[in-house]
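Trainee: I'd like to ask you about the structure that follows.
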Amino acid sequence: MNLDQLKYPIGQFIMPEVFDKHQADIWIAEIEALPVQIKHSTAHLSEEELNQTYRPGGWTLKQVIHHLPDSHMNAYIRFKQAITEDIPIIRPYYEERWAETEEAKNGDIKLSIDLLTGLHQRWVVFLKTLELQDYQRKYVHPAQGIELTLANMLGMYAWHGKHHLAHLTNTITK
């Protein structure tokens, strides 16, 4: 595999031309399924395997696992802000710095999998309360300087989970 394939094993996210209830339901189901998929794919990994990188210069599998709840917590908060505020400006975070913290490099993955599980359960309950028009609500990402719809972000975070799951499963099966 070349470096681009290692970075983006499922390709990059592309927003479909049509966003409808069917598409929203698919993405919500993918978000709902992710914690169990992460748990099953990592259940029998040794410390040595968890400390492998998924690509040269990339994060270890352990860092990827800890990154998921970090990222998805921020997403959940951004969704809530976009629903309860008028086009809020969200607060970005430095995910690469978060991944370099001691607990992200060496912490017990069970804690992050448990956190991801509870977070996704709560997030899915919230997402299922939204009407289709709610997904047209927006927030501003100041680092990108653009308004992003919740429809786009729902797809992006469903993709994000599958993207990192592929990092794990592709590395494990090498």
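The values are calculated or read from the model by the stated rules, or taken from the named source; none is laboratory data. Remember, predicted model here, so these are calculated numbers, not experimental data. Every residue, glycine among them, receives a Cβ derived from its backbone with ideal geometry; neighbour counts consider all protein chains shown. Surface accessibility is based on the protein's heavy atoms, side chains included, excluding ligands, DNA and RNA. Shrake-Rupley method; radii C 1.70, N 1.55, O 1.52, S 1.80 Å.
Trainee: Looking at (1) open to solvent by 70 Å² or more (accessible area, probe 1.4 Å); (2) touching a residue at least 24 places away in the same chain (Cβ under 8 Å); (3) within 25 Å of PRO9 (Cβ to Cβ), which one does ALA104 not meet, given that it meets all the others?
Mentor: (1)
Trainee: Out of the residues in the stretch 107-123 meeting the condition of being of a type outside the set (Val, Ile, Thr) and surrounded by 14 or more Cβ atoms within 10 Å (Cβ to Cβ), tell me which one is farthest from HIS72 (Cα to Cα).
Mentor: Of all residues in the stretch 107-123, those of a type outside the set (Val, Ile, Thr) come to 107-108, 110-112, 114-116, 118-123.
Cutting the leftovers down to surrounded by 14 or more Cβ atoms within 10 Å (Cβ to Cβ) gives us 107, 112, 114-116, 119-120, 123.
Numbers: GLY107: 18, SER112: 11, ASP114: 13, LEU115: 10, LEU116: 8, LEU119: 8, HIS120: 8, TRP123: 9 Å.
Looking at residues that are of a type outside the set (Val, Ile, Thr) and surrounded by 14 or more Cβ atoms within 10 Å (Cβ to Cβ), I get GLY107.
Trainee: Report every pair of residues separated by at least 6 positions or lying on different chains whose Cβ atoms are under 6 Å apart, first residue within the stretch 1-29 and in contact (Cβ under 8 Å) with a residue 12 or more places away in the chain, second open to solvent by less than 100 Å² (accessible area, probe 1.4 Å) and assigned to a loop (DSSP other than H, G, I, E, B).
Mentor: Once the first residue is in contact (Cβ under 8 Å) with a residue 12 or more places away in the chain and sits in the stretch 1-29, its partners that are open to solvent by less than 100 Å² (accessible area, probe 1.4 Å) and assigned to a loop (DSSP other than H, G, I, E, B) give LEU6/ARG55.
Trainee: Also, I was wondering about something else. Taking the stretch 142-174 as the search range and keeping residues that are in contact with a strand residue (DSSP E or B) (Cβ under 6 Å, 6 or more places away or on another chain) and touching a residue at least 40 places away in the same chain (Cβ under 8 Å), which one is nearest to HIS66 (Cα to Cα)?
Mentor: By that ranking, first place goes to PRO142.
Trainee: Quick one: which of GLN23, GLN52 is over 16 Å from the mean Cα position of the chain (by Cα) and open to solvent by 50 Å² or more (accessible area, probe 1.4 Å)? Before the answer, list the steps.
Mentor: Values: GLN23 fails: open to solvent by 50 Å² or more (accessible area, probe 1.4 Å).
Selected residue: GLN52, the only one of GLN23, GLN52 that is over 16 Å from the mean Cα position of the chain (by Cα) and open to solvent by 50 Å² or more (accessible area, probe 1.4 Å).
Trainee: Of everything in the stretch 10-19 that's open to solvent by 40 Å² or more (accessible area, probe 1.4 Å) and under 19 Å from HIS167 (Cα atoms), which residue is farthest from the chain's Cα centre (by Cα)?
Mentor: Result: ILE14.
Trainee: I'd like to know if the stretch 83-100 contains one or more residues that are at pLDDT 95 or above, farther than 26 Å from GLN133 by Cβ, surrounded by 15 or more Cβ atoms within 10 Å (Cβ to Cβ) and not acidic (Asp, Glu).
Mentor: yes
Trainee: Oh, and also: Identify, from the list HIS72, HIS66, the residue that is open to solvent by less than 40 Å² (accessible area, probe 1.4 Å) and either without any contact (Cβ under 8 Å) to a residue 12 or more places away in the chain or out of contact with any Lys or Arg (no Cβ under 9 Å at 6 or more places or on another chain) (or both). Break it down stepwise before answering.
Mentor: Numbers: HIS66 fails: either without any contact (Cβ under 8 Å) to a residue 12 or more places away in the chain or out of contact with any Lys or Arg (no Cβ under 9 Å at 6 or more places or on another chain) (or both).
Step by step, each of HIS72, HIS66 is checked, and only HIS72 is open to solvent by less than 40 Å² (accessible area, probe 1.4 Å) and either without any contact (Cβ under 8 Å) to a residue 12 or more places away in the chain or out of contact with any Lys or Arg (no Cβ under 9 Å at 6 or more places or on another chain) (or both).
Trainee: Go through the stretch 124-155 and give me each residue that's within 16 Å of PRO92 (Cα to Cα) and open to solvent by 40 Å² or more (accessible area, probe 1.4 Å).
Mentor: LYS138, PRO142, ALA143, GLN144, GLY145, ILE146, GLU147
Trainee: Let me ask something additional. Tell me which residues, restricted to the stretch 113-129, are without any contact (Cβ under 8 Å) to a residue 60 or more places away in the chain, more than 28 Å from LEU50 (Cα to Cα) and either acidic (Asp, Glu) or assigned to a loop (DSSP other than H, G, I, E, B) (or both).
Mentor: THR129
Trainee: With respect to ALA158, is the statement that it is out of contact with any helix residue (DSSP H, G or I) (no Cβ under 6 Å at 6 or more places or on another chain), under 26 Å from TYR94 (Cβ atoms) and buried (at least 16 other Cβ atoms within 10 Å of the Cβ) true?
Mentor: Numbers: out of contact with any helix residue (DSSP H, G or I) (no Cβ under 6 Å at 6 or more places or on another chain): no; under 26 Å from TYR94 (Cβ atoms): yes; buried (at least 16 other Cβ atoms within 10 Å of the Cβ): yes.
Criteria not met by ALA158.
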